[in-house]
Each structure stands twice: as C-alpha cells, then as structure tokens.
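The values are calculated or read from the model by the stated rules, or taken from the named source; none is laboratory data. These numbers were taken from a predicted model, which means no experiment stands behind them. For neighbour counting, all protein chains shown are included, and Cβ atoms are generated from backbone atoms with ideal geometry for every residue, glycine included. Surface areas here come from the heavy atoms of the whole protein model, side chains and all, with no ligands, DNA or RNA. Shrake-Rupley method; radii C 1.70, N 1.55, O 1.52, S 1.80 Å.
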Amino acid sequence: MSKWLSLPLVLLLVFLTGCQAVGGFDINKALLSNLEVQASESRQSVSIEVVPADKVSAEDKEIIDLINSVSLIVDHAKIQDASTMSIKGSVDYSGEKLPYHISMDKKGMAIQLEGAKQPLYISLEDASLDYIDLEQYNEQAQEFGVKAAGFLLKHMPNPSTISVKKVQEKVNDESLSLTQLHVEIRGDELVKLVKPFITNAAKDEEGLKELIGVFYDTFYPILTGTFGSDASGDSPASSKEFAVAAMYGVVQESLAEVLKEYDQKVDALFEEMPELNTVLGKDTVLKMDLYFDSSLNTRKQNMEFTVAIPQSEGVPIKSFTVRSESEMWNVGGNVAIDQVNLSAGKLEVADEEITPGQMLRNFEPGSIIHKLLTEQMQITSKYVLVGYPGDYYEVIKKNGTSFVPLRYMSVELDAEIKWNKETKTATIIDDITLEEIVLTVDSKQAKVGGKAVTLSEPAFIHEDGKAYVPLRFIAEALGAKVHVDAEGWITVIRD
C-alpha cells in the first residue's frame, strides 16, 4: 500500500528531478523502476499540520485543531498485484481511533469499519463499460506512464539541493544497507525549472515522436474498440505515422509559442495573481528522502511538503504541511491479501442511493463512526428552499395553510412513501427514526408514531394529480422545522 499512497509523490519527484546520476547512482533508473506496481507489504503514516493565522476566530481555531489531530495510519498493507490489495490501519483524530480494514480486487472495494454491522462495498464493475475490455490495455498504459516519466527526467534540470549516500536503515525491524536520495525543492525554484525543461523538450524531436507513438499505441486501440475503425480505412501503420507527425507538429508549435514570450507571460501572471509569489515562494518547500535497495526498489520514504498560504483578511491559516513516512518489505515476493469478510452481507454504496438513515443504522449507536457521522459530518442535516406561497407551483395556500406535494417533501427529507390507492391513505416512513406517519386524503385525522394528531387542514388531491399535505405538519413530523422570512420565502431545516 505504501507504493499506492506514495505513487503521486514519486511522480512529483520524477517531474522535479531531472538528474541522470549523482555520486554514481542512477536516479533516473531508480525512480522509473518504482512506477511499476509489484507485490509487496508495507506500513505508512500520513499527517497534516495547519499553522493558524495571527488572528483567527474561535470557530476556525477549533476546525484547525481538529485537522491537526487527524492522521492516517496504515499498520499493514499488502499488494498482491496491480488490482488486488488490502489495508489494515486506523484513522486517528481528536484522541479517537477509528480502525478500518479495506480489501480491493477487480470486482470491487470492501471497507470494514469498527462498529459497522456490514462492510461498505463499492462495485468497480460498470455495466456501461462491458463493451470495452480495458484490462488488455493495462500494459500499454503502464508503458506510456514510464515513457512519459522518463521523458520528464531526461529534460528537467537538477534541483539545487540533491544528494545520494549509503546508509544503514531498519525496515520491518531488519537492518538494511540502502542508498538514500535526498531532495529539497522550493516553490520559487520550481518556476525556474520549467523554462529549461520546455526548451530541452522542444529540441528532442526523436524523444517527442517516440512518446507520441507510445501514446498512440496506448489509446488508439481503446478509441477504435469504442467507436470502430476510422472512416479512412488506412492501415494501422500509416494511420500511426500520420497521427504522430500531425501531433508532433502541434506539440512543437505549442512549445515554441510558450517559449516565445515565456518570461513576459510569467511576470504578467505573477503581477495579475500576486498570491502566487507566496504559494510559489521560498516558504513552499518539498523535502523527500527515498531509500533504495540494491535492486532499486524503494524500501523507505520520508516526505514533508509545506505550502505557504497568502495572507489576507478572512484567511485563517498561514501554511499547511503534509508529512508521510513509509517502509516496504517482501517486494516482489509471495503476497496474499487479507480479504474483508462479506459472508454476512454488505452495504452497497455505489449501486444504490443510500439514505442517511440507512447509513446510520449500519453502525452501532455508541460507535466512533456513528458519532462522527452524526456530530462531525452531520449527515442527517437537511436544508430545503421550498419557495414563495402563491408564486411557486410547489406551494399552495389554502384556508391560511401552506401545502406542498407529499412526495416532493418526503423525498427531500429521505422518507419512504407507501400509497394505498383504494383508501387514498399514505404511510410515510421517517428515514431517521423509522416512525410511521399515516394520513388520509380529505381527513384531518392522522397518526405520527402511532399517536393520533389532528391536522389544521386535510390533505387533498390537486388538479395536477398530486397529493398535497400541510407543509408544517409533514416537515415537523419528519424532524424538521419550517422558517418563513420577511419576504415570504420558506425554508425547511433539519439539524
């Protein structure tokens, strides 16, 4: 899992470091070798630190403290192959610890959280893509990724701070002799690296055409598999030759255009957006240490990425820093993942619309996740702007009472409706409490949670064929409150 989580950082480092070798160590080869996913076991931790502004409200300070308390812990991750993996760990926040267990294969992802009655399940099988077998294109896509990264490495200038040395480090309690690559890049240095990269890339006709060719080989089969062969009927070889030449011309023209007035455009951009002087300034810094074994596999990684935030009124933070530490073992070995147990069922969250009540009922009331969903995430909260009585078709004023379509308001508050056509009786099931609200058209008598209540006005069938009910009654019965502003606009709010 360490490789899965750190892959974007490796790609970032690939983009920012263009050195071929330092101290005899082939950095280009080492970084590119780690873009390929292979079997491994790992552990990792990720945390974030937000530095508050000098003047910050109590509310913002509370949010910042919450963010600073959060950390993602991966106690044991296993990668079996590019599509099969598992992770066991926890999310820590405000002194609480939420354990999790995730497993993923080609069919889907299962997530078991402590306190859950059934694992959450996200299907990765999309029927709409059945006519495209994307699996066969994985190898080409990986080749294109490696070629693109290699092209970046080839032409990106060296950062000012980069070093390589031999070290002894512990990985999974085993002392190893490793090669440490240390890199530091500041935001203002990044801006200076871009122009030389574009200049070098524009001169490499052979490299650009090779990269475009691999791009063509990767995506042309997908396009033809989706839309059929092109109308010209050209052979693949001639089509590729024409496409590569055409795309190379476009790329060259674009690069030349960018270089033509690069400095002036960069100066103008910074003048138009002065905040970039902070975001891409000396206080934005990436520091990374990668530790490679003799086979050029990454075995450890330490990363610290700080981004400075421009200061202005209303901005509550000065900067934020993301820190990550990881180590990997059993690289390329026999790895069998830990599958989440689905024998007792699963809660499908991708194939159907899960209501807040359904989600909450899947967790024990005293569990950390239940508390998180209700108090921090407030998933039961609703805000519905209904409209203006007499000027909005969903609101009808009758005998001093505002009416709304029963189904409309029930859907907005996630309630389920059962309709008896013969008796014209509606049973509305509260999504949160599962209490039943029973009312009948043209009757003032109703029941809420088994208790009899009397409506101010009875429900009725409007000329549009919809059943209308008193707005305040249905909203309050479903745990919400009705607010009317000075102009007559109505909002329904459930905390």
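First measure r as the distance between the Cβ atoms of Tyr262 and Val146, then evaluate 1/(1 + (r/R0)^6) with R0 = 35 Å and state the FRET efficiency to the nearest 0.05.
Given R0 = 35 Å and the Cβ-Cβ separation, E is 0.80.
What is the spin-label model distance, in nm, from Phe242 to Leu296 if the labels are put 7 Å beyond Cα along the C-beta direction?
3.8 nm
How do Phe242, Phe473, Phe219 stack up against each other in accessible area, from largest to smallest, with a 1.4 angstrom probe?
Solvent-accessible surface, decreasing: Phe242, Phe219, Phe473.
So how much accessible area does Arg361 have, in Å² to the nearest 10, using a 1.4 Å probe?
Accessible area of Arg361: about 80 Å².
Between Gln38 and Asp338, with labels modelled 7 Å along Cα→Cβ, what's the label distance in nm to one decimal, could you check?
It works out to 2.5 nm between the two label points.
Please list 3J(HN,Hα) in residue order for the stretch 79-90, calculated via the Karplus relation 6.51 cos²θ - 1.76 cosθ + 1.60 where θ = phi - 60°; whole Hz, with x for glycine and proline.
Values per residue, Gly and Pro as x: 10, 8, 7, 4, 10, 10, 7, 8, 9, 10, x, 7 Hz.
With θ taken as phi - 60° and the coefficients 6.51, -1.76 and 1.60, list the Karplus ³J(HN,Hα) couplings across the stretch 324-339 in order, rounded to whole Hz; mark glycine and proline as x.
Those phi angles translate into 9, 10, 8, 8, 9, 9, 6, 5, x, x, 7, 10, 10, 6, 9, 6 Hz.
Leaving out ligands, DNA and RNA but keeping every protein chain, what accessible area does Ser294 have, in Å² rounded to the nearest 10, with a 1.4 Å probe?
My reading of the accessible area for Ser294 is about 120 Å².
Which residues does the label zone of Asp173 cover in the stretch 73-106, counting backbone N under 19 Å from a point 7 Å along Cα→Cβ?
Within reach of a label on Asp173, which here means backbone N under 19 Å from a point 7 Å along Cα→Cβ, the stretch 73-106 contributes 74-78, 88-89.
Enter the accessible area of Phe270 (Å², nearest 10), with the probe set to 1.4 Å and all protein chains included.
The accessible area comes out at roughly 40 Å².
Determine ³J(HN,Hα), in whole Hz, for all residues of the stretch 204-214 in sequence, where each value follows from phi through the Karplus function 6.51 cos²θ - 1.76 cosθ + 1.60 and θ = phi - 60°; x replaces Gly and Pro.
8, 4, 4, x, 5, 5, 5, 5, 5, x, 5
For the stretch 74-112 and the stretch 402-473, what is the separation of their Cα centres, given in Å?
43 Å
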